[in-house]
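This report refers to the structure that appears directly beneath it.
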Amino acid sequence: MRGRRRLAALLAAPLALAPRPAAAWPAQITGSLLRDAQRLVPRTLARLVGEREKELLEQAQRFPPELGQALAVDLGAGRLQPATLLSLDGHARHAVEMLRNRRVGDGILHLGSVLRIPADLSDPVLSAGPEGYPPGVVQEYYAFIQANLDKIPVVLDDPEALKLERRDLGGYWQRILSRSREQSGVIRAELFRGGRVVPHRAIDFRSPVFAVASLSYSRAVTAIAATWLALWRESRGDLTRQPVPIFRTPFDPAVAGRPAPSSPGPPAPPSPASAEGPKP
């Protein structure tokens, strides 16, 4: 009996030592990401997603464990391996196959599971590296986002991403991960000072934490919409009534109040970084 227990313990050891899929955006934030992403896709797709919001969010929590494991490892390393990209593409392609076979309900629900790919890649918490964060930092960061969701502007992170084909998603996902990883250190530096975790209530919109939260949130919204659109486009879904983003010129307080030049030139082209999704 003792020998069997020892053998079982040895077999279980590799599983215990293997990296576990990291926690992702809390449910409240994921729901907000899903609803904001709907504002960037054609109305037909937005309606189908909206009608199944609860089920889609449940699917997002049912991401295949083996795929989540591979993604967690690559998130920690900061680079998506070819084998992981192949598996992620296969998972996404499954939605296309169902939609093409007129299993529209199943295909749309599968988009909820696919949502996890761009959402996780956009979250700087998940790409912090093997050192991770001190206990309590992640909880305070997410609590800060949840408390300030109504103050975070939804900005179109990359307008060209909405034109991608499925074959382009792998490179796009890697770029998202690289940008998230660049911001991971800010969370650690700002939310852990003097050996203590900084409470989220002590942070306001002037903190770099707000900047990282805002950028990563908009990156996730854009990435979810871009991923869905690439799959919807390949499945020959209805692409009419695609919302047109509203471009806004950034406000510069340094020149506010100055008289306009007597002979103004042509207006400057809008900056993609200030392109907001259409408000409901």
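Read-outs throughout are calculated quantities, based only on the coordinates presented, and are distinct from any laboratory measurement. Note that the structure is predicted; figures quoted are calculated from it, not measured. Please note: Cβ atoms are built from the backbone with ideal geometry, for glycine as well, and neighbour counts cover all protein chains shown.
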| Is the shape of the stretch 78-141 best called rounded, prolate or oblate, per the rule: a/c under 1.5 gives rounded, else a/b larger than b/c gives prolate, else oblate, with a ≥ b ≥ c the square roots of the Cα gyration tensor eigenvalues? | oblate
| task | Could you run the Karplus curve 6.51 cos²θ - 1.76 cosθ + 1.60 with θ = phi - 60° over the stretch 208-213 and give me ³J(HN,Hα) per residue in whole Hz, x for Gly and Pro? | result | x, 4, 5, 4, 5, 4
| Can you sort Asp168, Asp89, Asp158 by how many other beta carbons sit within 10 Å, fewest first? | Asp168, Asp89, Asp158
| field | At most 13 other Cβ within 10 Å, DSSP loop - trypsin sites (Lys or Arg not before Pro), the stretch 97-163 | value | Arg102
| query | Tally Lys/Arg at +1 and Asp/Glu at -1 over every other residue whose Cβ is under 14 Å from the Cβ of Leu33; what's the total? | reply | -1
| remark: Once phi for every residue in the stretch 190-203 is put through the Karplus expression 6.51 cos²θ - 1.76 cosθ + 1.60 (θ = phi - 60°), the whole-Hz ³J(HN,Hα) values, with Gly and Pro written as x, are 8, 9, 9, 10, x, x, 10, 7, 7, x, 5, 6, 8, 10
| query | Looking at the stretch 89-173, which GluC sites (Glu not before Pro) are in a loop (DSSP not H, G, I, E or B) and have at most 14 other Cβ atoms within 10 Å? | reply | Glu131, Glu165
| field | Nonlocal amide H pairs with Arg79, under 5 Å, H built at 1.01 Å | value | none
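Take Thr222, Thr30, Thr44 and order them by how many other Cβ atoms sit within 10 Å, fewest up front.
The fewest-first ordering by Cβ neighbours comes to Thr44, Thr30, Thr222.
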| note | With bins of 10 Å, the percent of all Cα-Cα pairs of the stretch 90-249 per bin from 0 is 10, 34, 30, 18, 6, 1
